[in-house]
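First the structure, in the form of structure tokens, and then the observations on it.
What follows is calculated from the coordinates using simple rules that are stated; it is not laboratory data. The shown structure was predicted, so the numbers you read here are calculated from the model rather than taken from an experiment. So basically every Cβ, Gly included, is an ideal-geometry build from the backbone, and we count neighbours across all protein chains shown.
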Amino acid sequence: MFNMRIDIIRKELERRFKEIEKIIQATDSRIHFDQLCKITEPFIHFLISDPQIRPFVTGLTKYREKFLSSVNFKEIEKCVIEVVKDITSKIDEIGFFTAEFQSKLQQKQYLNVFGSIKSDKKNRYLTASEFYEALKDLGKYSSKALSASIYLDEIFTFIHQVINAGKDHVSNYPLGYFNSCYQHLSECKDRYAAFYDYQAEYEGADAATRLLALYMSSPFRHITNLGTKELGDLYEERDFSIRIGDQNCCRDDYKNDCETLYHAVDKFLMTGKSKSALIERLRTYCMWIRREDFPEPESKNKEDEISKIVTEFIFNHGYFPLVHFEMGRSIPDILYEPSNIVHWDSSVLLELKQYIREKDQEAEIRRKLPDDIGQAAGYYDLVKDTKRDVADTVHLLIFYNGKKRFYLGESYPVEKNVVVEFVYVGKETPSTLKSVSIDEK
């Protein structure tokens, strides 16, 4: 039923996008702001009204916060701070950043990218001297100064101007040293743009933000009770630019935004949501439909018998199982590939464990679960290294019988990218099972 619901949502998503495509293609190359809102509002309203899609779409506006907390940003931040320190230290060593030198710079004011420094009344611009002093202590201000690509551009532009002007101001100028630092800074800037600008555009964050800014100017927002607290700081920036910007918008720009967001949402429904539904259906299939076919405690090949049942189910749902495939010296249980025309990010990685026995079952689960989780995480890393766009989750399915219903306590430490699922395949009815939480020791 849940998978069918996703299919219905995807069909409705496609229908609404096709309507926008048809209307926009029939209009002039430039569309008045009011007309553009009327065209895009129903499409965005559909996305925001659906409880499965809304968190994903609003979450796209929080892309900046996610990026700034990522390992990639931390590495770039450290690199930028180090190279800027090298440049400013050398400038101080030479001592050419004097008042006379500053007066010869073409640009007299620079955007205040550091946040807390006081300059003019609006605190928006800095003199060359103020900008340089803040730059020397970039580590103190980096959380603000590197929070947007336009801020990094301002730092880049300032350093470029100073280094170029220094050539005509200083004898025995260390041009080779500055060129090397400048090249290093350029590489940092390119990495920043790749992970922030291009990735945000690719994932639909920019498109979602621009379209939500339009939506929030319409009466539709009152119907869905969408508040700005649900939206990230990308929305605030885009909302401001729309209010002060050109009210006659390019038709193709917003058509492309709708198309980008359409594909981002469709991919979201096809991967994370459909896989979660698949696992939930698998649990129900094992616990109710095929319970009688699961092995008895005395069986010698319990895991193989379980793997056969799981493989049959997955295959019947359109996946092609790779069972006990080798990854280096390790052999994960099952990797399900959708087909050769679907990206690997729709694959499902499963690790199967069974505790079908009668004695000391709870103690065995408590003792072995940490190793089971670690093993599943290890298999995920191996697959991820080989297929970098593989799904970002491995499902650890633990099959058991007995007279207890096990579930994982909220505080139990689980490796990142591992989802633990307990699957009861015993013969007791739900009303007779005693619930037991597996908590951290």
**Report entry** Neighbour-count ranking [beta-carbon atoms within 10 angstrom, fewest first] of ASP293, ASP50
**Finding:** ASP293, ASP50
Query - Packing-based exposure ordering (other Cβ within 10 Å, fewest first) of VAL418, VAL170 - result: VAL170, VAL418
Query raised in the report: How many nm separate the modelled label positions at LYS427 and THR157, each set 7 Å beyond the Cα in the direction of the Cβ?
Result: 7.8 nm
Query raised in the report: With each label point set 7 Å from Cα along the Cα-Cβ vector, what nm distance links ALA193 and SER69?
Result: 2.8 nm
**Report entry** Fully extended contour minus Cα-Cα distance, from ASN417 to ARG54, at 0.36 nm per residue
**Finding:** 128.4 nm
Query raised in the report: Length gain on complete extension for the stretch LYS90 to ASP252, per 0.36 nm per residue less the alpha carbon to alpha carbon distance?
Result: 53.5 nm
Query raised in the report: Tell me, what is the FRET efficiency for MET287 and ASP266 to the nearest 0.05, using R0 = 22 angstrom and their Cβ-Cβ distance as r?
Result: 0.10
Query - Residue order, fewest to most surrounding Cβ atoms within 10 angstrom, among ARG64, ARG191 - result: ARG191, ARG64
